[in-house]
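Below is one structure, written out as structure tokens, with a few remarks after it.
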Amino acid sequence: MSLENRGAFIVFEGCDRIGKTTQCRLLVELLKSRDIPVLPMHFPERSSHIGQVINSYLTNSKDLPDEVIHLMFSANRWEHMNQIKQKLLEGNTLVVDRYSYSGVAYSAAKGLDFDWCYAPERGLLKPDAVFYLRAPADDLTNRGEYGKERYEKVEFQGRVAKVFDQICAKEANYWHQLDASQSAEDLHAQVADIAVKLVHRVATQDLDKL
Ligand code: DGP
Ligand code: NA
Ligand code: NA
């Protein structure tokens with residue numbers, strides 16, 4: 001790849017336990033096998049100071065007002081923005097497990113105003129593509145076996161899914177809704193097809209902002 005080529009900014013979104021982590025891993029492995037420089041990322045990034053507060057909140061060892069934790073999740077993305085920009089401009093494709101849309105979906109699902117939730121995300125780098133993994137509502141219920149973290153409850157996940165659906169309808173030009181009830185291999189094949197073309201298409205395009 002020539003020096004001026006940037007990497008693609010690829011995000012996976014969806015409810016808890018929908019299979020994002022597996023799909024991120026499969027996509028990273030595929031791009032590596034094609035000699036495309038690629039780095040995985042995951043938000044919330046729990047190792048920073050802010051990330052540790054978020055972790056305490058998610059594991060229920062700390063309570064915070066909805067608005068405060070919302071802004072902490074957003075700050076966690078902002079504190080990584082320079083690094084993300086630099087990695088992309090160096091030619092690395094980023095495969096990111098959750099981003100601003102989780103920020104909006106999880107907080108709006110609690111009843112916070114949608115536009116208020118989106119406001120602190122404005123100005124962050126905009127992904128080139130979002131893979132939205134979605135399963136039918138029944139399927140979500142049958143998945144059961146949620147972990148012990150704060151949001152891992154069937155009823156709440158249903159409300160999160162509704163907000164994701166709303167965002168997906170609005171951002172349709174770069175969102176790809178994919179059926180998460182199919183096998184991981186079939187899902188990966190769909191993702192791979194779109195992602196490989198995308199990496200080449202955006203290489204000479206400017207980065208955009210939310
Ligand atoms: P994960 O590490 O991907 O399992 O995410 C942990 C939990 O945090 C999961 O239930 C989704 C939720 N989450 C991720 N990003 C945000 C965010 O920006 N805001 C809120 N409120 N929740 C988020
Ligand atoms: Na989770
Ligand atoms: Na995950």
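Some points to look at:
- Distance between the 7 Å Cα→Cβ label points at LYS85 and ILE194: 2.7 nm.
- Only protein heavy atoms count here; on that basis, with a 1.4 Å probe, TYR151 has an accessible area of about 30 Å².
- Segment 191-210 residues near the modelled ARG34 label - backbone nitrogen below 17 Å, point 7 Å along Cα→Cβ: 191-205
- Order of exposure, largest accessible area first, which applies to PHE73, PHE131 with probe 1.4 Å: PHE73, PHE131
- For a straight C-alpha distance cut-off of 18 angstrom, the aspartates and glutamates reachable from LYS170 (same-chain residues fewer than eight places away being disregarded) are GLU13, ASP113, ASP115, GLU121, ASP128, ASP208.
- Database remark: amide H of GLY91 closer than 5 angstrom to the amide H of GLY7 (H placed geometrically; neighbours at sequence offset of 5 or more, or on other chains; Pro and chain starts carry no H).
- Solvent exposure, largest accessible area first (probe 1.4 Å, DNA, RNA and ligands not counted), of GLU45, GLU145, GLU90, GLU79: GLU145, GLU90, GLU79, GLU45
- Magnitude of the charge dipole for segment 9-203, about its Cα centre and with charges confined to Cβ atoms of Lys, Arg (+1) and Asp, Glu (-1), is about 340 debye.
- At the residue level, TRP78 shows approximately 110 square angstrom of accessible surface with a 1.4 angstrom probe and all protein chains present.
- The chain: angle of helix 66-78 to the longest principal axis, Cα-based, in degrees nearest 10: 10 degrees
- Against the chain, whose longest principal axis is taken from its Cα atoms, helix 49-58 shows a tilt of about 50°.
- Rolled with a 1.4 Å probe across the full set of protein chains, the surface gives LYS110 an accessible area near 50 Å².
- For segment 1-155, lysine pairs separated by 8 or more sequence positions, or belonging to different chains, with Cα-Cα distances below 24 Å total 17.
- Local electrostatic count, ASP186, Cβ distance below 14 Å [Lys/Arg +1, Asp/Glu -1]: -3
The values are calculated or read from the model by the stated rules, or taken from the named source; none is laboratory data. Computed from a prediction, not measured in an experiment: that's the story for all the values here. When we count neighbours, we look across all protein chains shown, and the Cβ atoms used for this are built from the backbone with ideal geometry, even at glycine. For the accessible areas, the whole protein counts, side chains as well, though only heavy atoms, and no ligand, DNA or RNA atoms are used. Shrake-Rupley method; radii C 1.70, N 1.55, O 1.52, S 1.80 Å.
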